[in-house]
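Enquirer: Pasting in a structure now, in structure tokens, and then I'll have a few things to ask.
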Amino acid sequence: MAETKSIMVPLGMEAPAFKLRDTVSDKVMTLQDVKGSKGTVVLFICNHCPYVKLINESLVALARQYQERGVGFVAISSNDATQYPDDGPTHMKEVAKRLSYPFPYLYDETQEVARAFDAACTPDIYLFDSEMNLVYRGQFDDARPGKNLPVTGKDLRNALDAILNGKSVPSDQRPSVGCNIKWKKA
């Protein structure tokens, strides 16, 4: 597994619009459908990545906690399912159901949404404020496969707490690290 860091896109960036199919409900969803009144977390994840597998349970718990406080969550997989069939919609649905994802798990077949966000790895995490401007991009926490650090979600949690308390999110943010997005071959 090759470690890839997220691209630290400029803070303040407006959330790119999207229209993707939810692999569980089979409904087409837009950014407006998943938007929270206080903020919105957009996660680029996939099924096979050990970095995502490591944080999955904590991510589900964190999402449940903050959804109750007005934060919307959505997960998107943009991996090429031809090269990586485990990351295709059928398997996405199975994972979402098994882990009881409390958020939609959308498939970005064309990879246009990943490109619009400048997503580079899984997990790649973006937090937008209530006006849909980027206030945080980066890691869930310091935990990595094989590092034996607890999975706490502290980095994302600190950013969420700041926006919910009407404070600025510190701009000193650490990039996420994970598997690269599996781009389609041209």
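The values are calculated or read from the model by the stated rules, or taken from the named source; none is laboratory data. Being a predicted model, the structure only gives us computed values, none of them experimental. Heads up, the Cβs are rebuilt from the backbone with ideal geometry, glycines too, and the neighbour counts pull from every protein chain shown.
Enquirer: Report yes if some residue within segment 101-109 is in contact (Cβ under 8 Å) with a residue 40 or more places away in the chain and either of a type in the set (A, V, I, L, M, F, W, C) or under 23 Å from Leu11 (Cα atoms) (or both); otherwise report no.
Expert: So far as segment 101-109 goes, yes, one or more of its residues are in contact (Cβ under 8 Å) with a residue 40 or more places away in the chain and either of a type in the set (A, V, I, L, M, F, W, C) or under 23 Å from Leu11 (Cα atoms) (or both).
Enquirer: I've got another one for you. Have a look at Phe140, Phe128 and point out the one that is touching a residue at least 12 places away in the same chain (Cβ under 8 Å), part of a strand (DSSP E or B) and buried (at least 16 other Cβ atoms within 10 Å of the Cβ).
Expert: Phe128
Enquirer: I'd like to know if segment 149-160 contains one or more residues that are farther than 18 Å from Ile55 by Cβ and either touching a Ser or Thr at 6+ places or on another chain (Cβ under 8 Å) or not in a helix (DSSP H, G or I) (or both).
Expert: No, that holds for no residue.
Enquirer: Please state which of the following conditions Lys147 fails to meet, knowing it meets all the rest: (1) on the phi > 0 side of the Ramachandran plot; (2) modelled with pLDDT under 95.
Expert: Answer for Lys147: the failing condition is (1).
Enquirer: Restricting to segment 28-60, what's the tally of residues that are outside any helix (DSSP H, G or I), touching a Pro at 6+ places or on another chain (Cβ under 8 Å) and farther than 20 Å from Phe140 by Cα?
Expert: 1
Enquirer: Can you find a residue in segment 118-141 that is over 13 Å from the mean Cα position of the chain (by Cα) and over 22 Å from Ala63 (Cα atoms)?
Expert: no
Enquirer: While we're here: Being touching a Phe, Trp or Tyr at 6+ places or on another chain (Cβ under 8 Å) and not β-branched (Val, Ile, Thr) is the filter here, so list the residues in segment 128-156 that pass it.
Expert: Matches in segment 128-156: Leu134, Tyr136, Arg137, Arg144, Pro145, Gly153, Asp155, Leu156.
Enquirer: Hey, another quick one. Determine the pairs where a residue that is of a type in the set (A, V, I, L, M, F, W, C), located within segment 158-185, has a partner that is surrounded by fewer than 13 Cβ atoms within 10 Å (Cβ to Cβ) with Cβ atoms under 9 Å apart, the partner being 6 or more residues away or on another chain.
Expert: Between residues of segment 158-185 that are of a type in the set (A, V, I, L, M, F, W, C) and residues that are surrounded by fewer than 13 Cβ atoms within 10 Å (Cβ to Cβ), the close pairs are Ala159/Pro170; Ala162/Ser168; Ala162/Pro170; Val177/Glu3; Cys179/Met1; Cys179/Ala2; Cys179/Glu3.
Enquirer: Does segment 85-94 contain at least one residue that is at positive phi, over 14 Å from the mean Cα position of the chain (by Cα), of a type outside the set (Phe, Trp, Tyr) and not in a helix (DSSP H, G or I)?
Expert: No, the conditions are met nowhere in segment 85-94.
Enquirer: Specify which of the listed residues (Asp80, Asp118) is on the phi > 0 side of the Ramachandran plot and surrounded by fewer than 22 Cβ atoms within 10 Å (Cβ to Cβ).
Expert: Asp118
Enquirer: A further question follows. Only one of Pro170, Pro175 is under 16 Å from the mean Cα position of the chain (by Cα), assigned to a loop (DSSP other than H, G, I, E, B) and surrounded by 11 or more Cβ atoms within 10 Å (Cβ to Cβ). Can you tell me which?
Expert: After applying the criteria, what remains is Pro175.
Enquirer: In the list Arg64, Arg115, which residue meets the criterion of being in a helix (DSSP H, G or I) and within 19 Å of Lys38 (Cβ to Cβ)?
Expert: Arg64 is the lone residue from the list that is in a helix (DSSP H, G or I) and within 19 Å of Lys38 (Cβ to Cβ).
Enquirer: Please work out which one of (1) β-branched (Val, Ile, Thr); (2) surrounded by fewer than 22 Cβ atoms within 10 Å (Cβ to Cβ); (3) in contact (Cβ under 8 Å) with a residue 40 or more places away in the chain is the condition Ile55 fails and give its number.
Expert: (2)
Enquirer: Sticking with this one: Please verify whether segment 162-177 includes one or more residues that are more than 19 Å from Met29 (Cα to Cα), basic (Lys, Arg) and at pLDDT below 95.
Expert: So far as segment 162-177 goes, no, none of its residues is more than 19 Å from Met29 (Cα to Cα), basic (Lys, Arg) and at pLDDT below 95.
Enquirer: Any idea which of Val71, Val41 is within 12 Å of the chain's Cα centre (by Cα) and surrounded by 22 or more Cβ atoms within 10 Å (Cβ to Cβ)?
Expert: Checking each option against the conditions leaves just Val41.
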